[in-house]
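Have a look at the structure below before the remarks.
The values are calculated or read from the model by the stated rules, or taken from the named source; none is laboratory data. Since this is a predicted model, take the numbers as computed values, not measurements. Glycine gets a Cβ as well: all are built from the backbone with ideal geometry, and neighbour counts include every protein chain shown.
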Amino acid sequence: MTELGVVFRPQLPPERLRSVARLADETGLEELWLWEDCFREGGISTAAAALAWTERVRIGVGLLPVPLRNVALTAMEAATLHRMFPGRALLGAGHGVQDWMEQVGARAESPLTLLREYLTALRALLRGERVTTQGRYVRLDDVALDWPPDGAVPAPVLAGATGPRTLRLSGETADGTILTASTPVEGVRRARRLVDEGRKAAGRDHEPHRVVVYLLAATGPGAEARLRAELEAEGQAGVPDLGVAGDASAVARAVRTLADAGADTVVLQPTGDEPDPEGFVRFAAQEVQPLLKSSR
């Protein structure tokens with residue numbers, strides 16, 4: 001069954017998050033996703049606030065750039081969220097935008113090596129293991145969390161991935177994969193195949209692996225123009241099957257298409273100039289989500 005979510009884009013001021021998160025909770029939306037984009041809003045701080053303001057909606061962070069964060073700190077923060085809000089936090093980690101990483105002096109010579117070491121250590125720490133490792137980037141000496149997540153409740157670690165090597169790595173070392181809104185339908189199929197190759201190579205093909213896909217979406221007056229403008233600004237206007245503009249039926253069809261291609265969760269990403277973020281959440285929860293549930 002495909003889950004539905006919405007992105008709270010960090011182009012919005014942080015103080016706007018409360019109303020959006022509470023509305024997502026009240027309207028029955030399944031997931032609300034946050035971004036840690038440089039240099040806007042922190043992923044852990046916004047996730048903690050959103051979780052505290054709500055009762056049931058799952059809060060995802062897609063994603064935490066690993067060059068910015070010591071893995072022990074990420075593990076501490078993730079474990080705290082999982083213990084305070086069991087089953088409701090979904091945290092993703094990834095390379096980050098390399099230009100931004102360069103800008104803050106954190107760019108790694110081998111992002112793939114860093115991500116492999118980081119995901120391996122992070123998942124071990126969250127399982128409550130005591131970790132000693134001397135990798136190229138991740139170095140821990142007898143580190144264990146005093147308050148790891150409750151082992152009875154999953155504490156998944158997702159990885160953001162685009163290229164084939166990172167997609168295979170995600171299958172090997174993560175519990176799920178996050179795909180950007182730049183991923184067309186055929187790209188989702190290809191990503192799923194590569195992730196599954198990684199899972200098989202690591203002997204993890206018997207374990208669940210969630211694929212989360214962002215879908216650029218616009219509705220209401222001027223939806224087509226707003227969608228087209230955003231795709232043009234990103235240099236993707238000529239890519240087929242990217243984004244959807246229209247009513248709930250059109251958006252639900254696009255979600256189902258991604259689900260058929262291998263997406264377990266589709267997260268609607270409003271355009272950067274979405275005029276009514278709360279209205280967009282209400283549209284997703286009350287108009288699109290019922291259409292998806294009726295087809296399950």
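A few points about this structure:
- Residue within the stretch 115-135 that is touching a Phe, Trp or Tyr at 6+ places or on another chain (Cβ under 8 Å), hydroxyl-bearing (Ser, Thr, Tyr), surrounded by fewer than 17 Cβ atoms within 10 Å (Cβ to Cβ) and at pLDDT 95 or above present: no
- Total residues in the stretch 114-160 satisfying the condition of being closer than 14 Å to Leu91 by Cα and among the hydroxyl-bearing types (Ser, Thr, Tyr): the figure is 1.
- Sole residue being touching a helix residue (DSSP H, G or I) at 6+ places or on another chain (Cβ under 7 Å), modelled with pLDDT under 95 and farther than 17 Å from Pro149 by Cβ, chosen from Thr2, Thr54, Thr27, Thr46: Thr2
- Residue within the stretch 219-239 that is closer than 25 Å to Arg58 by Cα, modelled with pLDDT of 95 or more, within 19 Å of the chain's Cα centre (by Cα) and among the β-branched types (Val, Ile, Thr) present: no
- So Ala181, is it modelled with pLDDT of 95 or more and farther than 22 Å from Leu4 by Cα: no
- Tallying residues that are in a loop (DSSP other than H, G, I, E, B) and out of contact with any Asp or Glu (no Cβ under 9 Å at 6 or more places or on another chain) within the stretch 119-144 yields 3.
- Qualifying residue in the stretch 242-260 (condition: under 30 Å from Arg193 (Cβ atoms), surrounded by 15 or more Cβ atoms within 10 Å (Cβ to Cβ), of a type in the set (Lys, Arg) and touching a residue at least 12 places away in the same chain (Cβ under 8 Å)): yes
- Selection status of Thr74, closer than 23 Å to Val7 by Cα and touching a residue at least 12 places away in the same chain (Cβ under 8 Å): yes
- Among the residues of the stretch 155-172, the ones that are surrounded by 15 or more Cβ atoms within 10 Å (Cβ to Cβ) and either in a loop (DSSP other than H, G, I, E, B) or more than 22 Å from the chain's Cα centre (by Cα) (or both) come to 4 in all.
- The stretch 261-296 - residue that is among the polar types (S, T, N, Q) and outside any helix (DSSP H, G or I) and, of those, surrounded by the fewest Cβ atoms within 10 Å (Cβ to Cβ): Ser295
- In the stretch 173-185, residue surrounded by the fewest Cβ atoms within 10 Å (Cβ to Cβ) [restricted to those that are closer than 22 Å to Ala233 by Cα and in contact with a helix residue (DSSP H, G or I) (Cβ under 8 Å, 6 or more places away or on another chain)]: Val185
- All of (1) within 25 Å of Gly92 (Cα to Cα); (2) more than 18 Å from the chain's Cα centre (by Cα); (3) surrounded by 20 or more Cβ atoms within 10 Å (Cβ to Cβ) hold for Leu216 with one exception: (2).
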